[in-house]
Structure formats: C-alpha cells, structure tokens
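Below is one structure; the comments refer to it alone.
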Amino acid sequence: MAWWLSFSELFRTFGLILGGGLGIYIAWRRAVAATRQADATLRQAELARRDHVAELFNRAVGQLTDEKLEIRLGAIYTLRQIARDFPDLAKPTLELLSTYLRERAGSYGEGEPPVDVREIINTLRNYLVRQ
Amino acid sequence: MTNPAHGGFSDAEGFELDVRGAFLRRTDLSFANLERANLSGADFSNALLRGANFKDANLEGTILKGADLTDARNLTRSQIAGAVIDEHTKLPRGLSADDSAVGG
C-alpha cells in the first residue's frame, strides 16, 4: 500500500511538472507570436508614415513654384518639419531649399528679404549653426 | 529623433550650402558653419555673417558690400581677394579692405 502511495505521489508530481512546463512553453510561444505581430504592425506603420512623408515632400516641391506666397510658405514649413523629423531626409530637404534660393528667389532690391527667403535662411541657419 | 538642442535638426551629415548666384541681401547667417560652401557670385550685401566659418568656402565674385563679417573664422586673404567688398564691409581682425579690389 505504501509503495502504491509513493508511486501515486511521484506520478502526481511528474504530472504537475509536465503541466507547468507545457504551460510555460505555450506562454512563450504566445509571447513570441505577439512580439512578431507587434513588430510587423510597427513596420507597417513606419512604411505608411514614410509613404505619407514622401507624398508631403513631393507636394511641397510642387508648391515651391506656386505664384502665391502663402502656398510657397506652407511648402517651406512642411519641408522644415520633414528635415526635423526624418534625419535621412534632412540633407535632400536642405539642398532643395538652397536650390530654391538659387533658382527661384529673385532680386528684392535694397529692401528687407521677403518672408520666403527669410524663412529658408532661418531653416538653413538652424542647421548650419550647430554643425 | 528630433533634437531641439540643435535647432530641431537631428542630422544632415555632409550638407554643404550651395547658394551660388543667389540674391541674399540683408540675410542673417551669423555663426553658421559655411565650410566648403559655394557662395560664388551670390549677393550678400549688408548681410550678417558674424562669426561664420568660411573654411574652404568659395567666395569667388561674392558681393559682400556692407556685410558684417566681424569675428568670421577661417577667412583668408585669397577668399577676400576674390570677393567684392566696399568701405562699409566689416572684416574680421587681421584682414583689411586692401586684400580685395574694393568696390569692384
């Protein structure tokens, strides 16, 4: 009888260990799956954000040549924000703004710089001062 | 990603200003790092360029009439010789209007 009780106890303990191990394994598999899902979601969100920024960038490029000052200003502010938020786009954005100064901004005589020129210079200077 | 301590820009490694031929009178690029910048032919009349770094910058034909270059760094005689200055141009210590074709 004692032998049977010992065997029963051993069997029970083994069952508990096996059950616990199985529980841990299932929890680990679920955690891995959840992490992969989160990573995929994050990648998708980043891709969507970059698509949106590319669209904003392209639109701003077009708006820089608009006749209306307020449209050009909007484009300059958008490009400034892109340069701030996306380090890998900062250089092309600053080069684009420099190109605007070379190719588009005309003479304003002896007066003060127009607001679009001033804002571009401020944007460039913000970067150039800290270099 | 944003670094407010640096004017909000995180990085634009390798960016060199190229504003050749641009009309930039009365603009303010004081203390800017203009290393290897191409400013040739640009009109910086009455501009503020105090403390700017001009190391290896191209100033060929750059108009600096009345510009303030006080405390500008790494500005050489040959750069000044290639630029156009006048009696109102404020040059950094050690450089004088004699280094350029004044009023050109």
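Some observations on this one:
To keep it simple, each residue is scored yes or no on (1) more than 8 Å from chain A (Cβ to nearest Cβ); (2) modelled with pLDDT of 95 or more; (3) closer than 30 Å to A:Phe86 by Cα; (4) under 12 Å from the mean Cα position of the chain (by Cα).
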position: B:Pro4; (1), (2), (3), (4): yes, no, yes, no
position: B:Gly7; (1), (2), (3), (4): no, no, yes, no
position: B:Ser10; (1), (2), (3), (4): no, no, yes, no
position: B:Phe15; (1), (2), (3), (4): no, no, yes, no
position: B:Ala37; (1), (2), (3), (4): yes, yes, yes, yes
position: B:Gly104; (1), (2), (3), (4): yes, no, no, no
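- Pairs where the first residue, in segment A:87-99, is at the interface with chain B (Cβ under 9 Å from one of its Cβ atoms) and within 15 Å of A:Arg125 (Cα to Cα) and the second is of a type in the set (Phe, Trp, Tyr) and not in a helix (DSSP H, G or I), C-beta under 9 Å, 6+ apart: A:Ala90/B:Phe9; A:Ala90/B:Phe15; A:Lys91/B:Phe15; A:Thr93/A:Phe86; A:Leu94/B:Phe9; A:Leu94/B:Phe15; A:Glu95/B:Phe15; A:Ser98/B:Phe15
- Selection over segment B:75-90 of residues that are of a type in the set (Lys, Arg) and in a helix (DSSP H, G or I) gives a count of 1.
- Check on B:Leu24, surrounded by 20 or more Cβ atoms within 10 Å (Cβ to Cβ) and over 15 Å from A:Ile120 (Cα atoms): no
- Qualifying residue in segment A:24-36 (condition: free of Cβ contacts under 8 Å to residues at least 24 places away in the same chain, over 25 Å from B:Gly21 (Cβ atoms) and aromatic (Phe, Trp, Tyr)): yes
- Scanning segment B:51-74 turns up at least one residue that is within 22 Å of A:Ala105 (Cβ to Cβ), polar (S, T, N, Q) and either without any contact (Cβ under 8 Å) to a residue 24 or more places away in the chain or surrounded by fewer than 24 Cβ atoms within 10 Å (Cβ to Cβ) (or both).
- When each of A:Ala60, A:Ala33, A:Ala45 is tested for being hydrophobic (A, V, I, L, M, F, W, C), crowded, with 17+ Cβ neighbours inside 10 Å and either touching a helix residue (DSSP H, G or I) at 6+ places or on another chain (Cβ under 6 Å) or over 21 Å from B:Phe15 (Cα atoms) (or both), the lone residue that passes is A:Ala60.
- Residues that are over 18 Å from the mean Cα position of the chain (by Cα) and either among the β-branched types (Val, Ile, Thr) or within 14 Å of chain B (Cβ to nearest Cβ) (or both) within segment A:37-76 comprise A:Val61, A:Thr65, A:Ile71, A:Ile76, listed in sequence order.
- The residues of segment A:80-98 that are in contact with a helix residue (DSSP H, G or I) (Cβ under 8 Å, 6 or more places away or on another chain) and either closer than 16 Å to A:Leu128 by Cβ or hydroxyl-bearing (Ser, Thr, Tyr) (or both), listed by number, are A:Arg80, A:Ala83, A:Arg84, A:Ala90, A:Thr93, A:Leu94, A:Leu96, A:Leu97, A:Ser98.
- Filter result (among the aromatic types (Phe, Trp, Tyr), surrounded by fewer than 17 Cβ atoms within 10 Å (Cβ to Cβ) and either on the phi > 0 side of the Ramachandran plot or not in a helix (DSSP H, G or I) (or both)) within segment A:64-111: A:Tyr108
The values are calculated or read from the model by the stated rules, or taken from the named source; none is laboratory data. Quantities reported herein were computed from a predicted structural model and do not represent experimental measurements. A quick note on method: Cβ atoms are made from the backbone with ideal geometry, for glycine too, and the neighbour counts reach across all protein chains shown.
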